[in-house]
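Some notes on the structure that comes next.
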Amino acid sequence: MSAATPKPLLPGSTIGIFGGGQLGRMMAMSARAMGYRILVLDPDPGCPARFVVDGCIEAAWDDSRGAAMLARGCDVVTLEIEQIGEHSMASAATFCPVRPSGAMLAVIQNRVEQKNWLVKHGFPAGDFRAVRTLDETRAAIAELGGRCFCKSATGGYDGRGQGKVGFGAEPGAVTEEEIRGAWEALGEGPGVVEKAIDLEREISVMVARSPSGEVKVFPAAWNHHENQILVWSVIPAAIPADLEAKARALAGEIADTFNLEGLLAVEMFVTKAGELLINELAPRPHNSYHQSERACVTSQFEQAIRAVCDLPLGDVDLVQPAAIVNLLGDLWLNPDGSPREVRFDRALAVPGVRLHLYEKRKPRKARKMGHLSAIGQTADEAVQAVLKAKAAL
Ligand SMILES: Nc1ncnc2c1ncn2[C@@H]1O[C@H](COP(=O)(O)OP(=O)(O)O)[C@@H](O)[C@H]1O
Ligand SMILES: [Mg+2]
């Protein structure tokens with residue numbers, strides 16, 4: 001494809017996806033619905049996308065020969081996970097466009113680089129220190145004033161690779177044991193220590209940008225986390241209109257600054273003081289936008305396909321309030337670890353509720369196995385419906 005005459009990749013083309021987890025699977029299902037063919041690369045041949053794609057290449061994230069095999073068979077390659085090796089990205093890019101780019105991924109896949117990038121470009125982020133040793137971690141915690149999140153630079157997700165300090169009975173007091181525990185949790189470095197933010201709430205904003213430069217910013221989602229893992233999420237976020245506008249503008253500016261090609265989820269903190277801080281970036285579909293399938297004119301998954309194929313982006317206007325709740329592996333397990341029957345029939349009896357399962361073979365504690373979605377007249381009604389359905393499981 002020559003740079004002078006960019007042409008969209010039309011249905012019938014083949015899209016490659018690094019990663020065949022639930023995000024890759026749902027992207028693939030959207031692509032299929034539009035008549036594309038899909039190949040995925042994943043270390044696990046039984047990955048969730050396996051059942052809905054034309055082919056699955058079994059390879060590690062840093063296996064550049066596997067990446068070449070994927071890209072050789074594709075017209076464009078995208079991703080659903082940040083952990084793709086630099087050489088794999090480069091290797092794929094010798095065969096076809098890779099969207100988002102390896103350069104952008106290199107910044108985002110490392111928390112230190114990501115935060116430095118945000119600060120360098122003037123985007124608001126909380127106080128943090130990059131650390132490489134236990135001593136630096138101890139010093140950073142002292143400097144930031146006690147209550148902190150310690151996170152590994154690479155590879156963390158759903159709160160994994162993170163430790164908290166200073167959340168004990170005495171506010172901000174940190175013991176040496178806590179510091180060592182957090183250092184271990186972040187994989188013994190390198191990592192970042194972040195000052196704990198006094199949160200009013202958490203939101204995210206999904207933005208899509210096509211190679212032609214078209215940008216669409218979704219309505220913000222309001223996200224509820226427990227133990228650093230997303231429990232439920234709803235669109236619209238029910239925040240003041242000026243805050244929503246500010247959050248969406250920030251997401252659009254970040255996408256433009258990166259020259260994004262694809263999707264970017266921007267996780268943000270709303271502080272008790274009403275300030276917006278960027279928590280982290282994810283250059284792919286995001287758990288907090290699963291409800292876009294029902295809340296918005298275009299789902300995040302279809303938008304991802306449109307963006308990477310350089311098609312016109314879809315409208316992102318709100319159709320109706322919709323919420324999701326995650327279904328973790330815990331639901332499938334009794335306290336003694338034996339299999340538990342999950343009563344999906346009861347959840348589906350709640351009006352407006354739909355079930356989404358990822359066909360993961362083994363339920364494990366804290367593993368995302370699926371989600372429920374619900375609609376409502378208001379965001380609150382949608383959340384109440386989806387929580388009621390989950391309680392019935
Ligand atoms: N500095 C912080 N202050 C307050 N809460 C935080 C902070 N960092 C993380 N958290 C909580 O932990 C969750 C997960 O952290 P995050 O950095 O988003 O990592 P992950 O990659 O696991 O999603 C956040 O959504 C938030 O609820
Ligand atoms: Mg996060």
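The values are calculated or read from the model by the stated rules, or taken from the named source; none is laboratory data. Quick caveat, the model's predicted, so the values are computed rather than measured. We place every Cβ from the backbone using ideal geometry, glycine too, and count neighbours over all the protein chains shown. Remember, those area values only see protein heavy atoms, side chains included, never the ligands or the DNA or RNA. Shrake-Rupley method; radii C 1.70, N 1.55, O 1.52, S 1.80 Å.
Details
- Taken over the stretch 175-223, the criterion of being near ligand 1 (Cβ under 10 Å from one of its atoms), in contact with a Gly (Cβ under 8 Å, 6 or more places away or on another chain) and of a type in the set (A, V, I, L, M, F, W, C) is satisfied by Ala196, Ile197.
- Elements of type helices (runs of 4 or more DSSP H) in the stretch 44-141, at least 2 residues being closer than 30 Å to Glu176 by Cα: 111-120
- Residues located in the stretch 231-249, provided they are in a loop (DSSP other than H, G, I, E, B) and of a type in the set (Val, Ile, Thr): Ile239
- Residue that is farthest from Pro236 (Cα to Cα), among those in the stretch 322-340 that are open to solvent by 40 Å² or more (accessible area, probe 1.4 Å) and touching a helix residue (DSSP H, G or I) at 6+ places or on another chain (Cβ under 9 Å): Pro339
- Residue within the stretch 353-373 that is at pLDDT 95 or above and part of a helix (DSSP H, G or I) present: no
- Listed by first and then second residue, the pairs linking a residue in the stretch 208-223 that is without any contact (Cβ under 8 Å) to a residue 60 or more places away in the chain to a residue that is crowded, with 21+ Cβ neighbours inside 10 Å and not hydrophobic (A, V, I, L, M, F, W, C), with Cβ atoms under 8 Å apart and 6 or more places separating them unless they lie on different chains, are Ala220/Ser204.
- So Asp310, is it of a type in the set (Asp, Glu), over 30 Å from Lys7 (Cα atoms) and either at pLDDT 95 or above or surrounded by 21 or more Cβ atoms within 10 Å (Cβ to Cβ) (or both): no
- Test: residue in the stretch 261-278 that is more than 25 Å from Trp232 (Cβ to Cβ) and surrounded by 20 or more Cβ atoms within 10 Å (Cβ to Cβ): yes
- Filter result for Gly156 (within 30 Å of Ala374 (Cβ to Cβ), within 25 Å of the chain's Cα centre (by Cα) and in contact (Cβ under 8 Å) with a residue 40 or more places away in the chain): yes
- Residues of the stretch 169-180 include at least one that is more than 17 Å from the chain's Cα centre (by Cα) and of a type in the set (Lys, Arg).
- Count of the stretch 117-133 residues, restricted to those that are buried (at least 16 other Cβ atoms within 10 Å of the Cβ) and touching a residue at least 12 places away in the same chain (Cβ under 8 Å), is 8.
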